[in-house]
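Visitor: One structure, pasted below without further comment.
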Amino acid sequence: MALITLSREFGSWGEEIARVTAEKLDFLLINKKIIEEELSPSPETHDQMELEEKALGKNEHQSLLRKERIFSLHRYLNQLSEENNLVILGRGGHLLFKDYCPALHVKIICPLEKRILRVMELYSLGKKAAHTLISEQDRDRKKYIKDIFNENWLNLNLYDLVINTDKISVNRAAEIIVNSFIIMGKSNDLTTAPQEELPKANLVLSSPEKSKEIRFMHPSEEEFAKMLDFYRINWKYEPRTFPLEWDSEGSITEAFAPDFYLPDHDLYVEITTQRQKLVWKKNKKARRLKELYPDVNLKIIYNKDYKSLLTKFGLDN
Amino acid sequence: MDNKLKVILSREETSARVKELGEMISNDYRKKELVLISVLRGSVFFAVDLSRSLTVPFSIDFISISRYGEKTDSTGVVRITKDLDVNIADKDVLVVEDILDTGLSLSYLLRNLKTRNPKTLKVCTFLNVESRRIVNVPVDYKGFDLPDIFVVGYGLDYNEKYRNLQYVAEYIKD
């Protein structure tokens, strides 16, 4: 699938631009919070990851931690990118996917004085406090890129496109990114669809439907898809991502993409083979989904349900 | 009794409920052309008992479809392995199932039968396991609701065993 990475200076409207870009292209937006929630199975390990991240560079395990973090981050984003078109905000996405194709790596910048004014307004801060916050945030990002990837965050040669938001709006910046991405796709002959069919706001590069043509995230999903195929029940694999939480800048911080959609039954199905005591996160997402999208029908197939299915069809041995 | 079995529904409970269902269906199908379609193989026992308690005219036929996981079909699609002998066009069809759980196979069967233009198409299941449902299918008559347990007897089997039990029992695996 396709992806766009966005790196940004604090206060440059990077989050907003990422969100609008994702909306315009119907891509899935991935940010720090989503990544860390997916990579940490509980709040405790989430906190531990935060601590480890801050500790990088301060202890003898620096190299090992860096490698582990890059490996797990890359594996997770790679899995996501196999089934989704992505807009990745921060997290060194431009370095993780440096050689990925098709990809567009964007940096959002803005003069410091302008960013101070924006942060003062957004967070109701004085000039000095806004300046301090910007310095801290930019320093943390610079450190993250240095510690995790051993790269210089300020090196503009790492990007395909640099946008200065000093004199342009969020929407205009997003338009520039979208158009750049489409032009890049055309020039590189990147898509499987005929070039003239490239839509302006929906760049889905392929839409395989059958279980044999799709790379599933888990064997249970593949088995379930085969069952549906067998009984001639139409299905789509992860066709829609439901935003569940947003931060103060309107960026999506939590989302839920159920595994299957059965259009003839207007039903989403999520399969989880985690042990019952570990499904709290999924249940929480399901409850939130029901709150925000009361008309959406969701069925969760838990591990015990899945085992019952296997027993029913004599596949449990 | 086999020590792996725990009785859930006694012969008396089963018999009484089947008679009640027979009365309900007889009331609903007066002056109609009722065709009972028993889904092989599990529902035969229930369909026969149910038909004996009907007080309205009816005809009965049998249908069988392949099941996911069967060795010959595990990579293909569902197919009818024994089709109806009667024409159900403009008839009032009642599909008789032994147990309804996921709804996957019944969903296919109903879609198939609808293409034959029955006047009405309804479902009667002896056992209903709502908690296992994946796709919604209509349930017009049901004998008993069950939790998510594995049961045998009264037509339901485990590796072709226990169908002939006159009660329904939970099969407890080792």
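All of the numbers you see were taken from the coordinates with simple rules; none came from a lab. Source: prediction; values computed, not measured. A quick note on method: Cβ atoms are made from the backbone with ideal geometry, for glycine too, and the neighbour counts reach across all protein chains shown.
Visitor: Of the listed peptides A:172-185, B:118-131, A:136-149, what is their order by residue-averaged count of other C-beta atoms within 10 Å, with the highest listed first?
Guide: Values: A:172-185: 18.5, B:118-131: 20.1, A:136-149: 16.4.
Taking the mean over residues of other Cβ atoms within 10 Å, the ranking is B:118-131, A:172-185, A:136-149.
Visitor: Take every residue in peptide A:258-264, count the Cβ atoms of other chains within 10 Å of its Cβ, and give the average of those counts. It would help to have the intermediate numbers written out before the result.
Guide: On the way: counts 0, 0, 1, 0, 4, 0, 3.
For this peptide, the per-residue mean of nearby foreign Cβ atoms is 1.
Visitor: Sticking with this one: With +1 on the Cβ of every Lys and Arg and -1 on the Cβ of every Asp and Glu, and nothing else charged, how large is the dipole of the stretch A:219-312 about its Cα centre, in debye rounded to the nearest 20? Show your work: numbers first, answer last.
Guide: Numbers: 17 positive and 16 negative charges, 124 e Å.
Here the size comes out at about 600 debye.
Visitor: Sticking with this structure for a sec: When Cβ neighbours within 10 Å are restricted to other protein chains, what is their mean count per residue of peptide A:290-302? All intermediate terms of the calculation are to be shown ahead of the outcome.
Guide: Working: counts 0, 0, 0, 0, 0, 0, 0, 1, 0, 4, 0, 3, 0.
Mean partner-chain Cβ count within 10 Å for A:290-302: 1.
Visitor: While we're here: Please give the length that would be gained between residue A:315 and residue A:128 if that part of the chain were fully extended, namely 0.36 nm times their separation in residues minus their C-alpha to C-alpha distance (nm, one decimal).
Guide: Details: separation 187, 0.36 × 187 = 67.32 nm, distance 6.57 nm.
Roughly 60.7 nm would be gained on extension.
Visitor: Now, a different point. Read phi for every residue in the stretch A:97-111 and hand back ³J(HN,Hα) as whole Hz from Karplus 6.51 cos²θ - 1.76 cosθ + 1.60, θ = phi - 60°, with x for Gly and Pro.
Guide: Each residue of the stretch A:97-111 in turn: 10, 4, 9, 6, 9, x, 8, 10, 10, 10, 10, 9, 10, 6, x Hz.
Visitor: Could you list which residues have their amide H under 5 Å from that of residue B:88, counting only those 5 or more apart in sequence or on another chain, with H placed in the peptide plane?
Guide: none
Visitor: Further question on the same structure: For residue A:7, list long-range residues whose amide hydrogen, built 1.01 Å from N in the peptide plane, is under 5 Å from its own amide hydrogen.
Guide: A:90, A:106, A:107, A:108
Visitor: Now, a different point. Per 0.36 nm of contour for each residue apart, how much would the distance between residue A:280 and residue A:217 grow if the chain were fully extended, relative to their Cα-Cα spacing?
Guide: Details: separation 63, 0.36 × 63 = 22.68 nm, distance 1.98 nm.
Contour length minus the Cα-Cα distance gives 20.7 nm.
Visitor: Now for a separate question. For B:39, A:170, which order do you get if you count the other beta carbons within 10 Å of each Cβ and list the fewest first?
Guide: Numbers: B:39 23, A:170 19.
By the 10 Å Cβ count, ascending, the order reads A:170, B:39.
Visitor: Please list, in chain and number order, the residues 5+ apart from residue A:298 or on another chain whose amide H is under 5 Å from its amide H, with Hs placed from the backbone.
Guide: Those lying under 5 Å, H to H, from residue A:298 are A:268.
Visitor: Please count, across chain B, the pairs of lysine residues with Cα atoms under 13 Å apart that sit 8 or more places apart or on different chains.
Guide: 12
Visitor: What's the exposure ranking of B:102, B:81, going from fewest to most Cβ atoms within 10 Å?
Guide: On the way: B:102 22, B:81 14.
Going from least to most buried by this count: B:81, B:102.
Visitor: Quote the relative contact order of the stretch B:1-90 in percent (integer), defining contacts as alpha-carbon pairs under 8 Å separated by 6+ residues. Write out the running numbers ahead of the final one.
Guide: Values: 84 pairs, mean separation 22.6, N = 90.
Reported relative contact order: 25 percent.
Visitor: Counting partner chain Cβ atoms within 10 Å of every residue's Cβ in A:110-120, what's the average?
Guide: Numbers: counts 0, 0, 0, 0, 0, 0, 0, 0, 0, 0, 0.
Mean shielding count: 0.
Visitor: How far apart, in nm, are two points set 7 Å out from the Cα along the Cα-to-Cβ line at residue A:266 and at residue A:71?
Guide: With each label point 7 Å from Cα toward Cβ, the separation is 4.7 nm.
Visitor: Another question, then. Quick one: A:12, A:220, fewest Cβ neighbours within 10 Å first, how do they rank?
Guide: Numbers: A:12 25, A:220 19.
Placing the least packed residue first, the sequence is A:220, A:12.
Visitor: What FRET efficiency comes out for residue A:293 versus residue A:114 if R0 is 30 angstrom and r is the Cβ-Cβ distance? Round to the nearest 0.05.
Guide: Numbers: r = 38 Å, r/R0 = 1.25.
Result of the calculation: an efficiency of 0.20.
Visitor: Taking a ≥ b ≥ c as the square roots of the eigenvalues of the Cα gyration tensor of the stretch A:110-192, is the shape rounded (a/c under 1.5), prolate (a/b larger than b/c) or oblate? Let's see the in-between values first.
Guide: Details: a/c = 3.32, a/b = 1.52, b/c = 2.18.
Oblate is the answer for the stretch A:110-192, as a/c is 1.5 or above yet b/c matches or exceeds a/b.
Visitor: From the phi of every residue in the stretch A:159-166, what ³J(HN,Hα) in whole Hz does the Karplus formula 6.51 cos²θ - 1.76 cosθ + 1.60 yield, where θ is phi - 60° and glycine or proline is x?
Guide: So the Karplus estimates, Gly and Pro as x, are 10, 7, 9, 10, 10, 9, 8, 4 Hz.
Visitor: As an exercise, find the ratio Rg/Rh for the stretch B:1-153 from alpha-carbon atoms, using the Kirkwood inverse-distance average for Rh.
Guide: Numbers: Rg = 15.7 Å, Rh = 16.3 Å.
Answer for the stretch B:1-153: 0.96.
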